[in-house]
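Reviewing the structure listed below.
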Amino acid sequence: MEEQIPPARRRRGIYLLPNLFTTAALFAGFYAITAAFNGRFEVAAVAIFIAMVLDGLDGRVARLTNTQSAFGAEYDSMADMISFGAAPALVAYIWSLTTLGKIGWVAAFVHAAGAALRLARFNTQIATADKRYFQGLPSPSAAAILAGFIWFSETYGLTGESMRYVSLGLALMTGLLMVSNFRYYSFKDVDLRGRVPFMWAILVMLVFAFIFTNPPLMLFVMFTAYAVSGPVLTLLGRRKMRSERRT
């Protein structure tokens with residue numbers, strides 16, 4: 001009787017490389033909260049932007065190295081909730097919204113809750129959603145609006161108390177846009193490994209130069225413009241559909 005060879009046992013574990021980037025993004029978000037508690041609001045805002053860069057890298061590294069996993073996707077969502085939901089909400093609250101009392105913490109909660117709902121919806125629709133568009137403002141972009149505004153204000157000597165009503169409006173706006181049905185271009189169909197015309201290299205260089213002339217102002221303006229692009233894109237799409245039905 002032949003001896004049966006038991007099937008090879010699948011090794012349990014996680015992929016280290018992409019999860020290192022996710023952990024670094026989580027650390028940056030957590031550090032932003034601790035920096036805000038210590039009154040270092042400019043550092044806190046910069047830490048949120050660093051978390052954004054790291055969050056953008058972990059998914060690309062996973063795809064390039066073929067190390068995607070269900071654990072990595074869930075871990076990334078948890079890290080995003082801290083870095084782009086809780087961190088910007090708490091930093092904005094400590095910097096400015098605390099001067100508004102109950103209205104201030106409600107506004108901060110709206111942003112945090114919007115990020116949680118946005119991430120939950122994204123995870124449940126990931127298999128069926130159109131990859132070219134996001135439904136609702138992405139949580140990193142929403143966090144960038146609050147962080148960019150705080151960074152800009154700190155750079156130009158604007159106190160949180162004097163800008164409290166602007167902070168209130170931005171926190172409410174970002175929270176609601178994240179759970180909206182507005183469509184935002186995802187840029188996922190851009191092929192970074194393919195050949196592009198030489199003019200694209202010049203354009204990218206000019207964009208970086210434009211940002212570095214005044215990083216806090218330019219980043220705030222860019223992400224605010226992206227937030228506005230969602231309603232504009234959605235309304236234009238609906239108008240196009242109506243005109244096609246009439247014809």
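Scan around Phe134 for amide H atoms under 5 Å from its own, H built in the peptide plane at 1.01 Å from N, and keep only partners 5 or more places away or cross-chain.
Tyr184, Tyr185, Ser186
So what J values fall out for region 144-158 if you push phi through Karplus, 6.51 cos²θ - 1.76 cosθ + 1.60 with θ = phi - 60°, rounded to Hz, Gly and Pro as x?
Per residue, the Karplus-derived 3J(HN,Hα) values read 5, 5, 5, 5, x, 5, 5, 4, 4, 5, 5, 5, 9, x, 8 Hz.
Please compute one quarter of the surface area of the Cα convex hull for region 14-109 and express it in square nanometres.
Details: hull surface 23.8 nm².
Average projection, Cα convex hull of region 14-109: 6.0 nm².
Can you sort Val179, Val207 so the residue with the fewest Cβ neighbours within 10 Å comes first?
Val207, Val179
Kindly provide the Kirkwood hydrodynamic radius of region 72-216 in Å, to one decimal, from all pairs of distinct alpha carbon atoms. Walk me through the intermediate numbers first.
Numbers: mean 1/r = 0.0599 Å⁻¹.
It is 16.7 Å.
Hey, what does the equivalent ellipsoid look like for region 128-210, semi-axes from the Cα gyration tensor as sqrt of 5 times each eigenvalue, largest first, whole Å? Each step should come with its number before you reach the end.
Working: eigenvalues 188, 96, 9 Å².
Working through the eigenvalues yields semi-axes of 31, 22, 7 Å.
Would you calculate, for the chain, the mean residue ellipticity at 222 nm contributed by helices, counting each DSSP H stretch of 4 or more residues as -39,500 (n - 2.57) and dividing by all residues, to the nearest 500?
-23500 deg cm²/dmol
Which of the lysines could a cross-linker span from Lys240 if the Cα-Cα distance has to be under 27 Å and same-chain partners fewer than 8 positions apart are dropped?
Hits, sequence-local ones excluded: Lys131, Lys188.
For the chain, report the % of Cα-Cα distances exceeding 29 Å.
Of all Cα-Cα pairs in the chain, 36 percent lie more than 29 Å apart.
Not counting the cut sites, what is the longest span of the chain without trypsin sites (Lys or Arg not before Pro) that DSSP labels loop and that have at most 13 other Cβ atoms within 10 Å?
So the longest stretch without any such site is 13-130.
So how long is each side of region 199-247 along the principal axes, counting just the alpha-carbon atoms, biggest first, in Å?
48, 26, 7
Computed from the coordinates by the stated procedures, all read-outs in this text should not be read as laboratory data. The model shown is predicted, which means the values in this text are computed figures rather than measured ones. Ideal geometry is used to build each Cβ from the backbone, glycine not excepted, and the neighbour counts take in all protein chains shown.
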